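Enquirer: Take a look at the following structure, please.
The values are calculated or read from the model by the stated rules, or taken from the named source; none is laboratory data. Since the structure is predicted, the reported quantities are computational estimates derived from the model, not experimental observations. Cβ: placed from backbone, ideal geometry, glycine included. Neighbour counts: every protein chain shown.
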Amino acid sequence: MATNYAQVLGIQNKWAPILFAVIYFLLMLWYLLQAARKHGWIYPFLAFFSLLRVISFSLRAAIASNHHNDAFSRSMAIAYSVLYNVGYFSILFSAYRLLHDRRWMAKINNAREKGRSSAPYRVMGGFHKGRLMELLLLLCVILGAVGVAFTLGAKVGRVNLGNRLTDASTYLFLAATVIVVLGSFLLIHLERSLRTSIATQTPIGTTTQHLILLLISALLLLRILFYASTVHQRANGQPTPTQQIKQTAIGNEHLWYPLAALAELLVVLLFLAPGLIPLRAALLRHRRNAPHANEKGTGPTGAGYAAGDTAATGGLGAVDHGMGAV
């Protein structure tokens, strides 16, 4: 008996994914332009995320139109689910990288002040060392990809294992999102404390930027909480009382579009806010104005900072990180 993968995934509307694909295509072009002009890390990841969403929503529209072809739909369903999973990795890593670069700017301002690094700075710096977030997100993607391949594959005996791997991937993504949320609060506290203690012509985190950071964190948390709260229901195939066609909550497009698809789109749009992403020129200017930031053996702004910077940037030198920051 042929499997209708459009019904399994809850894909019915083919026009909504086309609309999302067009919007993400325009965003991809914009972020590619910004990446070419500013040579940063965050813009390429946002462009990569937009590209993945263009492909994902295109596949979603194709699945809705070709649900009668079992073999064709299975391959596209697996590709769609894997790419959508990888896409969340990209947007979550972009948010994490934003916190990293803004923390770097706060570090330079703190060095200019010649004060001791604050507790929020030390907490964030400790997590940035060792690339823990990168490893965690990579594990999420691997588990999710293997889980989807097993769940939607032709071998029935691997379905239960695939469901468990998918569950693990979702919960690890939830943990990573919580880390980003907590990091946002720590960064806001750090920037506000520096803003009140340093007289500078360049604003150190405006109230509007802090509100946008909180909105980004809240939307990412909303998206992953929706998946985490429905992952068991999706795996077990339990019907929801909110609809009459016996689909799971994650397959209900009336819930999925506002709580997952729209939430991600709003996050990408919020990254367009002026001044939110530190520019390369601003970072280099701050470094020139903080001559003691990289000196060794000069107390809290010397060797401790230099070692922390090297670890946080994965061994990149001062100039290299300046070129990579946005």
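Enquirer: Being out of contact with any Gly (no Cβ under 8 Å at 6 or more places or on another chain), closer than 18 Å to TYR80 by Cα, among the hydrophobic types (A, V, I, L, M, F, W, C) and crowded, with 17+ Cβ neighbours inside 10 Å is the filter here; which residues of region 127-172 pass it?
Expert: CYS140, VAL141, LEU143, ALA145 - these are the residues of region 127-172 that are out of contact with any Gly (no Cβ under 8 Å at 6 or more places or on another chain), closer than 18 Å to TYR80 by Cα, among the hydrophobic types (A, V, I, L, M, F, W, C) and crowded, with 17+ Cβ neighbours inside 10 Å.
Enquirer: If you don't mind, another one. Evaluate region 185-192: report whether one residue or more is within 20 Å of the chain's Cα centre (by Cα) and at pLDDT 90 or above.
Expert: yes
Enquirer: If you don't mind, another one. Whether any residue in region 110-130 is in a helix (DSSP H, G or I), within 20 Å of the chain's Cα centre (by Cα) and either modelled with pLDDT of 90 or more or at positive phi (or both) is what I want to check.
Expert: yes
This table checks each residue for (1) modelled with pLDDT under 95; (2) more than 22 Å from ILE142 (Cα to Cα); (3) surrounded by fewer than 22 Cβ atoms within 10 Å (Cβ to Cβ); (4) among the charged types (D, E, K, R).
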{"residue": "MET1", "(1), (2), (3), (4)": "yes, yes, yes, no"}
{"residue": "ALA21", "(1), (2), (3), (4)": "no, yes, yes, no"}
{"residue": "LEU26", "(1), (2), (3), (4)": "no, yes, yes, no"}
{"residue": "ALA36", "(1), (2), (3), (4)": "yes, yes, yes, no"}
{"residue": "SER50", "(1), (2), (3), (4)": "no, no, no, no"}
{"residue": "ASP70", "(1), (2), (3), (4)": "yes, yes, yes, yes"}
{"residue": "ALA77", "(1), (2), (3), (4)": "yes, no, no, no"}
